[in-house]
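The values are calculated or read from the model by the stated rules, or taken from the named source; none is laboratory data. Note that the structure is a prediction, hence the values are computed from the model and not measured. Cβ placement follows ideal geometry from the backbone for every residue including glycine, while neighbour counts extend to all protein chains displayed. Surface areas here come from the heavy atoms of the whole protein model, side chains and all, with no ligands, DNA or RNA. Shrake-Rupley method; radii C 1.70, N 1.55, O 1.52, S 1.80 Å.
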2 protein chains.
Amino acid sequence: MNQPPPGAASDLARSRIKDLLGGKQAPSGQVIVKGWVRTRRDAKGVSFLEVNDGSSLANLQAVIYESDPAYSIIKELSTGASVSLTGLLVPSQGQGQKWELLVHKIQIVGPSGPDYPLQKKRHSDEYLREIAHLRPRTNKYGAIMRLRSQCAWAIHDFFRAKGFFYVHTPIITGSDAEGAGEMFRVTTLPPGDNKPEEDFFGKVASLTVSGQLEAELLAMALDRVYTFGPTFRAENSNTSRHAAEFWMIEPEAAFFDLNDDMDLAESMIKYLVSQALEHSRDDLALFDRFVENGLLDRLENLVAAPYVRISYEDAIEILVKSGADFEFEPFFGADLATSHERYLCDHFGGPVIVHDYPSSIKPFYMRLSDDERTVAAMDILVPKAGELIGGSQREERLDVLMDRMIKLGMDPKAYQWYLDTRRWGGTPHAGFGLGFERFLMMLTGVTNIRDVLPFPRTPRNLEF
Amino acid sequence: MNQPPPGAASDLARSRIKDLLGGKQAPSGQVIVKGWVRTRRDAKGVSFLEVNDGSSLANLQAVIYESDPAYSIIKELSTGASVSLTGLLVPSQGQGQKWELLVHKIQIVGPSGPDYPLQKKRHSDEYLREIAHLRPRTNKYGAIMRLRSQCAWAIHDFFRAKGFFYVHTPIITGSDAEGAGEMFRVTTLPPGDNKPEEDFFGKVASLTVSGQLEAELLAMALDRVYTFGPTFRAENSNTSRHAAEFWMIEPEAAFFDLNDDMDLAESMIKYLVSQALEHSRDDLALFDRFVENGLLDRLENLVAAPYVRISYEDAIEILVKSGADFEFEPFFGADLATSHERYLCDHFGGPVIVHDYPSSIKPFYMRLSDDERTVAAMDILVPKAGELIGGSQREERLDVLMDRMIKLGMDPKAYQWYLDTRRWGGTPHAGFGLGFERFLMMLTGVTNIRDVLPFPRTPRNLEF
């Protein structure tokens, strides 16, 4: 085998900065730290490095005295370089940190230079989007990536504790769950070719917009399931809230009605937020400081109180009676606009769950009320972010479901497999969808979806 | 709001069968169980139901005496029906179970009938693939779905404990990580149209074959990351081991060399298998009994011993010296064929890690040895399943990497973002890929990939 290259890790003694800084006592003896130089500050006879290794937001301050042989290479330690440092962890002399590393040995693993695009200064979000391959090396984007990971973990943790099984519903699909039609087509035919019967799947294939229909099939066997996977919209709109590719969480539970569904969704949001506050407080504090003042308070509020639940009809009445000058007039049968959502959250001073929407504005699979005027749908609206979750109790009655599909111009034959679950051993069931990036925007105060995705996909944007 | 439909769950008293059967004591008072009838057996004056609610492999035996009013509807309790049962959990009189439910009240939630496609008998895998929307209701496929969930959990658990962050690398991509060319194209142009510049992304877009390149970018900021997401191959081959859509786990770690990579991969396999043995023993025992006799022993062996590590060159020598009559002749520069992999595992009596492969048969991103004859690659071969993991230390030297790309006819300009991570603050790093379905096949003894995916996608097959 080759000689190990400089900086390779086979020495198991390497310590990670998060563990060093979180320790109560300094380790006895030398420690090895590996990471990236964020800044270097030279004073008389001494040089200070801020080193980050991605394990947390915090940098380790490394101190190199002129008297030490390691001092000879400090001029090469520019922002962005990767280094391996050996030294003693000692109580810090300076302000702002409890510990610092007294360096005895430095190895430059990967040099950097003045052309490194992330020099020490504040960069605009727009600039950083152009170098999305480097931006996770900044405080803000590193924090977002860690928060993504923390929240993904909490999602699995939450559902596992409640007896839900994680399922992988298909990404390539032959059906359109939302009936919205804005789907990407998947093909192996050469461009210009037009013979779907010769295509890979022998018919038109698309990228899924939702795993719900397949999750319903699995819930009729495993009782409680959830998806957590990528979903796609070929919506040609360049807004700050839309991406062509994003991740969704979609639980589906047999024997659940709309109340159970609202309980589940509310407790999930509270769990995710409280876990982030507990495990990622440093990362969140960065957003409180630089992105949205008061963020931590807003998040604490989200965990504290029960969410108000009102029917759509009552919500419309509140909006009408408000006398507010909305851009879109509120009336029974109208979608709630962003300004309506905001008004309702302000009105109640916190999150609001609106339920029982008009059947005329909701998809075929939602359970119809006896007077057919409403369906058992619910949306969770939260302050600042607006609609965070949309869910419903599903129509479990075969005749009612088929009737609705036919009225909407759908072909029940194409959904035979979906109808089969109502034909034999069907049960009342319910579920909802949470857009993972929408949640992260709500959690961090970040207002552009491009900044909570590692490599966002939007119209005419497919870099990296 | 509507009246709750029959069987809705708002009664929070519902117990899940896994919890009831796992309990040491019977709950005092009545319990409510909801699930699906697997079988009904009528005896004189008494009827026995086997009910499953998906929470585990085990059924609950429900007993209904003729003297009870509930007995009047037993004729309607056919296989596949969903039911809500109220009764007392009592020590079982019969063989095979510790507890049974003495039923006082039955509600048929969703009826079934003689046309239900999963009548009580053994069905062929082929038949069950055609009703993949119903097959999770069988013991075998229910067990597979629970094992998928258990193993996915263990993957997150393993990496989190080791300080790895979960990242979502993009599904739609403009680059080809493997250079294999067998990619699905993603488009919003109408079939027959041939103007990529008018397409959604303004250029040719494909479904990813690997998240590795993007994971490398993130590892240069977060130090340790892993992906767990869907990947795609438009390979038009109808084999039992290939699917067009499958899930992959790809860790990537800064400062890791090939040895660290092998350590990580070996400990991951052992962790996943040992966790499955601990948490999913009942489900695994089903496969030991009906799919592969001796499975549990094979799995225990996989956890027990350290994996042999040999160089590719030594492996070839063993194969040559064996005198065995291989279909494909082993020589330096040849890919290891399935029969070679099998021979090596037999030879060493367990898993084998083969490392340092000829550079001529491996992709551009693997780290070149000083004599350029080999690259720092490794594959883990396991008994029965063959190659389970492929990984490598990545080429971190900018000049060597660019040289290699040019020699392979690649355009370095198209990979500027990838090269940038070597330009500034690069580090030695390594990673590997584990196909989730390959792992599940290895874990269960199931030999067709179509049977470990909920809704498999293969050539000319896009149902559900």
* Of the residues that sit in region B:140-168 and are at the interface with another protein chain (Cβ under 7 Å from one of its Cβ atoms), not in a helix (DSSP H, G or I) and not aliphatic (A, V, I, L, M), which one is nearest to residue A:163 (Cα to Cα)? -> B:166
* **Residue under evaluation residue A:124, criteria (1) at the interface with another protein chain (Cβ under 8 Å from one of its Cβ atoms); (2) out of contact with any strand residue (DSSP E or B) (no Cβ under 8 Å at 6 or more places or on another chain), criterion not met** => (1)
* **Unique match (being under 25 Å from residue A:13 (Cα atoms) and in contact with a strand residue (DSSP E or B) (Cβ under 6 Å, 6 or more places away or on another chain)) among B:230, B:251, B:306** => B:251
* Number of the exception - residue A:133 against (1) in contact with a strand residue (DSSP E or B) (Cβ under 6 Å, 6 or more places away or on another chain); (2) facing chain B (nearest Cβ under 8 Å); (3) crowded, with 21+ Cβ neighbours inside 10 Å; (4) more than 18 Å from residue A:18 (Cβ to Cβ) -> (1)
* Structure fact -> Checked pairs for region B:109-136, first outside the structural domain of residue B:52 (by TED's automatic domain parsing), second of a type in the set (S, T, N, Q) and surrounded by fewer than 17 Cβ atoms within 10 Å (Cβ to Cβ), C-beta under 7 Å and 6 or more apart or across chains, list as B:120/B:39; B:125/B:448
* Is there a residue in region B:329-346 that is outside any helix (DSSP H, G or I) and modelled with pLDDT under 95? -> no
* **Top-ranked residue in region B:76-95 [being part of a loop (DSSP other than H, G, I, E, B) and in contact with a Ser or Thr (Cβ under 7 Å, 6 or more places away or on another chain); ranked as farthest from residue B:141 (Cα to Cα)]** => B:78
* If a residue has to be among the acidic types (Asp, Glu) and out of contact with any helix residue (DSSP H, G or I) (no Cβ under 8 Å at 6 or more places or on another chain) to count, how many in region A:349-374 make the cut? -> 2
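Residue by residue, here is whether (1) surrounded by 15 or more Cβ atoms within 10 Å (Cβ to Cβ); (2) modelled with pLDDT of 95 or more; (3) β-branched (Val, Ile, Thr) holds:
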position	(1), (2), (3)
A:101	yes, yes, no
A:108	yes, yes, yes
A:111	yes, yes, no
A:143	yes, yes, no
A:174	yes, no, no
A:177	yes, no, no
* In the set A:319, A:286, which member is more than 23 Å from residue A:355 (Cα to Cα) and out of contact with any strand residue (DSSP E or B) (no Cβ under 7 Å at 6 or more places or on another chain)? -> A:286
* **Residues of region A:153-173 satisfying the condition of being within 19 Å of the chain's Cα centre (by Cα), closer than 15 Å to residue B:149 by Cβ and among the aliphatic types (A, V, I, L, M)** => A:155, A:167
* Within region B:388-403, is there a residue that is within 26 Å of residue B:285 (Cβ to Cβ) and surrounded by fewer than 23 Cβ atoms within 10 Å (Cβ to Cβ)? -> yes
* Structure fact -> Considering only strands (runs of 3 or more DSSP E) wholly within region B:187-304, the ones with at least 2 residues that are closer than 22 Å to residue B:158 by Cα and open to solvent by less than 10 Å² (accessible area, probe 1.4 Å) are B:224-232, B:245-254
